[in-house]
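The values are calculated or read from the model by the stated rules, or taken from the named source; none is laboratory data. Predicted, not measured: the structure shown is a model, and the values here were computed from it. Cβ: placed from backbone, ideal geometry, glycine included. Neighbour counts: every protein chain shown. In case anyone asks, the SASA skips ligands and DNA or RNA and just uses the protein heavy atoms, side chains included. Shrake-Rupley method; radii C 1.70, N 1.55, O 1.52, S 1.80 Å.
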Amino acid sequence: MDPISKFLASYKIPVGAWGKAFFEFLTDNFNAFFRGISGGLNYLLEGLVNLLLMVPPVILVLAIAVLAWLLQRSKPLAIGVFIGLLFILNQGLWKQTVQTLVLVVAATVASMAIGVPLGIWAAHKPKVYRIMLPVLDLMQTLPTFVYLIPVLTLFGLGNAPGLIVTIIFVIPTAVRLTHLGVVSVPKAIVEAGEAFGATKRQLLWKVELPAALPTIMAGLTQAIMLSLSMVVFAALIGAGGLGTEINRALGSRKIDLGLEAGLAIVILAIILDRMTRIGVGGKK
């Protein structure tokens with residue numbers, strides 16, 4: 001090793017030690033708070049899963065197919081949803097699919113509820129977006145396994161840490177696409193609204209958001225896909241669902257189980273993507 005490299009290595013900045021001390025401080029002083037959040041989220045998610053599992057699977061499959069038709073007014077889509085979910089039921093993965101569905105929907109709703117307002121704020125305050133940008137970059141580029149360690153330390157095992165990790169991973173996409181949609185609204189439309197005496201709130205709700213809706217909905221679709229991509233990682237910290245089956249297949253080298261669970265995730269992803277996409281039925 002050359003002298004300069006040796007000198008730099010001998011005076012290592014203790015970033016890891018600082019991070020460890022910070023999380024030890026949190027667990028020592030706020031453990032009850034974090035475990036309370038974890039317990040509440042686990043209770044809520046497990047309650048939703050149990051509620052859905054109380055419904056006969058075929059009835060729930062039919063209800064989701066009807067919902068797909070109501071959202072998109074597309075009979076082929078409704079039939080495809082029905083057949084796809086029946087295939088998952090046939091593979092014996094219904095409970096795991098319901099667990100994954102609840103986790104993905106909860107993470108997507110929470111991410112959009114946080115990300116859309118932040119994106120609107122950033123679009124109206126360029127300085128705020130400049131401050132947000134490095135944070136969003138860090139959240140998107142930090143390896144997923146790095147998220148798992150502190151979240152597991154603070155919240156323990158279960159669905160709650162899986163939900164929190166997924167939200168952290170997905171929020172940047174919701175913020176970025178909402179920001180893009182709002183800043184891309186033609187200035188002529190905004191100026192026309194101002195000329196008619198619209199207030200800032202009216203401009204937001206009646207001009208900017210309707211014009212930015214396609215981009216925001218693209219953010220919703222991306223949030224769903226990213227949430228599904230976290231299923232396998234979330235299973236490593238106790239979240240149930242199809243990710244657990246994939247990890248089991250990986251650990252025991254069961255190709256059949258891996259294919260079945262993988263296909264179930266693909267089918268679920270296609271269903272959610274088509275159900276939330278604008279324009280599938282030609283009337284959105």
- Task: Determine whether residue 15 is surrounded by fewer than 12 Cβ atoms within 10 Å (Cβ to Cβ), over 20 Å from residue 277 (Cβ atoms) and out of contact with any Phe, Trp or Tyr (no Cβ under 7 Å at 6 or more places or on another chain).
- Result: yes
- Note on the structure: If we ask which residues in the stretch 136-154 are open to solvent by 80 Å² or more (accessible area, probe 1.4 Å) and closer than 17 Å to residue 170 by Cβ, their number turns out to be 3
- Query: If you go through the stretch 118-146, how many residues are of a type outside the set (S, T, N, Q), without any contact (Cβ under 8 Å) to a residue 60 or more places away in the chain, in a helix (DSSP H, G or I) and closer than 29 Å to residue 181 by Cβ?
  - Reply: 17
- Message: Looking at the stretch 46-73 only, could you name the residues that are surrounded by fewer than 19 Cβ atoms within 10 Å (Cβ to Cβ), farther than 26 Å from residue 257 by Cβ and in contact (Cβ under 8 Å) with a residue 60 or more places away in the chain?
- Response: 67, 71, 73
- Item | Members of the stretch 260-275 that are under 16 Å from residue 107 (Cα atoms) and surrounded by fewer than 17 Cβ atoms within 10 Å (Cβ to Cβ) | 273
- Task: Would you confirm whether any residue within the stretch 216-231 is assigned to a helix (DSSP H, G or I), modelled with pLDDT of 90 or more and either over 30 Å from residue 85 (Cβ atoms) or touching a Gly at 6+ places or on another chain (Cβ under 6 Å) (or both)?
- Result: yes
- Any chance the stretch 169-179 includes a residue that's touching a residue at least 12 places away in the same chain (Cβ under 8 Å), open to solvent by 30 Å² or more (accessible area, probe 1.4 Å), in contact with a helix residue (DSSP H, G or I) (Cβ under 8 Å, 6 or more places away or on another chain) and among the β-branched types (Val, Ile, Thr)? no
- Query: Identify, please: which residue in the stretch 24-40 is farther than 13 Å from residue 158 by Cβ and among the charged types (D, E, K, R) and is, among those, surrounded by the most Cβ atoms within 10 Å (Cβ to Cβ)?
  - Reply: 24
- Task: For residue 20, state whether it is charged (D, E, K, R), open to solvent by 50 Å² or more (accessible area, probe 1.4 Å) and farther than 30 Å from residue 160 by Cα.
- Result: no
- Being closer than 28 Å to residue 258 by Cβ, free of Cβ contacts under 8 Å to residues at least 12 places away in the same chain, hydrophobic (A, V, I, L, M, F, W, C) and open to solvent by 50 Å² or more (accessible area, probe 1.4 Å), is that true of even one residue in the stretch 81-99? yes
